[in-house]
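Each remark here refers to the structure printed beneath this line.
The values are calculated or read from the model by the stated rules, or taken from the named source; none is laboratory data. Values in this document were obtained by computation on a predicted structure and should not be read as measured data. Because the Cβ atoms are built from the backbone with ideal geometry, glycine has one as well, and the counts that use them run over all protein chains shown. The protein model used for the area step is the full one, side chains on, heavy atoms only, and it has no ligands, DNA or RNA in it. Shrake-Rupley method; radii C 1.70, N 1.55, O 1.52, S 1.80 Å.
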Amino acid sequence: MSANHGHGGDRATLDPPENHHDDGVPHVSAKEYLTGFVLSVILTAIPFWLVMDGVIADSTIAGIVLLAFAAVQVVVHMIYFLHMNAKSEGGWNLFALIFTLVLVVIVLAGSLWVMHHMNTNMMPGTHDMDEMLQNLQ
């Protein structure tokens with residue numbers, strides 16, 4: 001009977017760890033985590049300051065700027081904390097991310113489109129509201 005008990009020669013337990021360079025586990029340092037943390041704090045503090053001090057007067061532009069900061073922060077989290085890149089797991093992580101983003105865009109765009117058309121077609125206009133109030137009196 002062999003020492004590996006019929007498991008087919010488990011080379012991972014026989015080779016020293018320095019021989020395993022690409023084992024699928026992300027190897028990150030505290031410096032990379034600290035970099036991600038600092039970027040996350042900055043990407044949170046700047047939009048907070050923009051809103052609290054009213055730096056951007058136009059609410060549409062402020063919303064677009066906040067969405068841009070949020071998108072950048074999502075990318076920072078994916079890179080520094082989730083360790084996602086084009087090489088991880090043979091590129092399948094990137095493919096899954098792209099698929100998820102496409103689905104989110106479809107769902108959000110469809111929801112906004114439905115809500116806009118429901119508002120346009122079902123909500124009474126100001127003329128209709130005035131007429132309804134006169135009929136009540």
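Numbers below:
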{"read-out": "Criterion violated by T126 - all others in (1) among the polar types (S, T, N, Q); (2) within 26 Å of S40 (Cβ to Cβ); (3) modelled with pLDDT under 80 satisfied", "value": "(2)"}
{"read-out": "Residue tally, condition open to solvent by less than 70 Å² (accessible area, probe 1.4 Å) and aliphatic (A, V, I, L, M), over segment 56-93", "value": "11"}
